[in-house]
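What follows is a short report on a single structure.
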Amino acid sequence: AKAMNKQPHPTTWQSHHFRAMGSQIVLWLDTGNIAQAAAVFAQAENLFASNERTLSRFLADSELMQLNSRSGQWVTVSDLLWREVTLALEMARQTDGRFDPTLLNALAQAGYDRDFAEIAGVGNGRWLESEALYGRWAEIELDEMRQAVWLPAGVALDLGGIAKGDTAQQAIKLLQPFGSCLVDAGGDLVAGRAPTGY
């Protein structure tokens, strides 16, 4: 068998690793300017931290959890939460509910009420017995003029998958002006423009 040639990363590829949103995040940027890379990496890490503070289901005081605690009433939300809720509902529509942002109560009942890194053998299928706890995404109402969300009584949102992938997209917008780039957000891969000359 012919040996495959492994092409090394260009020497200008800078990388940065950190934890956020329950995942290992890795950023790559093709630039010879190490100080500039460090500065933009810090901005991207701060973006992940800020979005997590707003969108996490594991932080009782996050804006998402404040919205969830006010089901049955209209709640005016920030630009970020509005963006993620509308993205989640669009994904639910496009998948005919296969993607369902209203799974939070079912996840909690099944024991997934803490970071997945803390769970060992908790899931036992109990959520399958509780169909009333999810599948109500189509009942959520949005008021675009007031940027307000109405969750039906008892409905709670989990935006984890959407939030992490979208934050990776936002990070690419920060990195891309400085060179070719890639974001790996716990397996959610987002690429900027391709490197040239390699």
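The values are calculated or read from the model by the stated rules, or taken from the named source; none is laboratory data. Since the structure is predicted, the reported quantities are computational estimates derived from the model, not experimental observations. Because the Cβ atoms are built from the backbone with ideal geometry, glycine has one as well, and the counts that use them run over all protein chains shown. What goes into the accessible areas is simple: the full protein's heavy atoms, side chains included, and nothing from ligands, DNA or RNA. Shrake-Rupley method; radii C 1.70, N 1.55, O 1.52, S 1.80 Å.
The figures follow:
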quantity	calculated
Answer from Leu47, Leu67 - the residue that is assigned to a helix (DSSP H, G or I), within 14 Å of the chain's Cα centre (by Cα) and modelled with pLDDT of 95 or more	Leu47
Residue count for segment 23-38, restricted to those that are touching a residue at least 60 places away in the same chain (Cβ under 8 Å), under 21 Å from Val190 (Cα atoms) and either of a type in the set (A, V, I, L, M) or in a loop (DSSP other than H, G, I, E, B) (or both)	6
Residue count, segment 39-67 (criterion: more than 30 Å from Ala156 (Cα to Cα), open to solvent by 50 Å² or more (accessible area, probe 1.4 Å) and touching a residue at least 24 places away in the same chain (Cβ under 8 Å))	1
Any hit, segment 82-99, residues being part of a helix (DSSP H, G or I), touching a Pro at 6+ places or on another chain (Cβ under 6 Å) and surrounded by 21 or more Cβ atoms within 10 Å (Cβ to Cβ)	yes
Qualifying positions in segment 171-196 - within 30 Å of Ser69 (Cβ to Cβ) and surrounded by 19 or more Cβ atoms within 10 Å (Cβ to Cβ)	Ala171, Ala185
Count of segment 68-80 residues which are of a type in the set (A, V, I, L, M) and free of Cβ contacts under 8 Å to residues at least 40 places away in the same chain	1
Every residue from segment 72-81 that is buried (at least 17 other Cβ atoms within 10 Å of the Cβ) and either in a loop (DSSP other than H, G, I, E, B) or not β-branched (Val, Ile, Thr) (or both)	Val77, Leu80, Leu81
Odd one out for Leu142 among (1) open to solvent by less than 60 Å² (accessible area, probe 1.4 Å); (2) in contact (Cβ under 8 Å) with a residue 40 or more places away in the chain; (3) not charged (D, E, K, R)	(1)
Of residues in segment 1-23 being open to solvent by 80 Å² or more (accessible area, probe 1.4 Å) and modelled with pLDDT of 90 or more, the one nearest to Asp158 (Cα to Cα)	Arg19
